[in-house]
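See below for the structure under consideration.
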Amino acid sequence: MTIETKTTLQLSDIITVEFECAQCHAVTSWPLLVARNPPTRCRCTEQDWMGKGSDMYSNISDLITLLQQFSKAKNGPFIMRFGINYDASLARASGSKV
């Protein structure tokens, strides 16, 4: 027998926007409703993650705005959810509570 754990989330479940530096693993996190624009670099490096005029920067800024709008929206004739990939065995190995 196979047991599958499925996790879904609604946009209203998203409460923070978080960026983690791939080099030093420092984390910058904002409450979703006050987030504005993504950080362009970490303090550990002089290399930019993205330029303020780049497509990546604009797309992330737009995504933050959309998440804010949808997280405040009243439920209409449907509820939209997103499934996330969650491997419980990895969580247990890292010491996280499942």
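The values are calculated or read from the model by the stated rules, or taken from the named source; none is laboratory data. Keep in mind that this is a model prediction, so the values were computed, not measured. FYI the Cβ positions are ideal-geometry reconstructions off the backbone, even for glycines, and counts take in every protein chain you see.
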So how many residues does the stretch 71-98 have that are at pLDDT 80 or above, in contact with a strand residue (DSSP E or B) (Cβ under 9 Å, 6 or more places away or on another chain) and among the aromatic types (F, W, Y)? 1
So how many residues does the stretch 1-16 have that are part of a loop (DSSP other than H, G, I, E, B) and in contact with a strand residue (DSSP E or B) (Cβ under 8 Å, 6 or more places away or on another chain)? 2
Enumeration of residues in the stretch 25-60 that are farther than 23 Å from I14 by Cα and either touching a helix residue (DSSP H, G or I) at 6+ places or on another chain (Cβ under 8 Å) or among the aromatic types (F, W, Y) (or both): W49, M50, G51
Residues of the stretch 38-57 being in contact with a Lys or Arg (Cβ under 8 Å, 6 or more places away or on another chain) and surrounded by 12 or more Cβ atoms within 10 Å (Cβ to Cβ), in sequence order, are T40, D48, W49
Got a number for residues in the stretch 61-88 being part of a loop (DSSP other than H, G, I, E, B), more than 15 Å from L9 (Cβ to Cβ) and not small (G, A, S)? 4
Restricting the stretch 57-70 to residues that are of a type outside the set (A, V, I, L, M) and at pLDDT 85 or above, the residue that is farthest from P38 (Cα to Cα): Q69
Contact list please: Cβ distance under 7 Å, first residue in the stretch 3-16 and closer than 20 Å to I79 by Cα, second residue among the basic types (K, R), pairs at least six apart or on different chains. T8/R81; L9/R81; Q10/R81
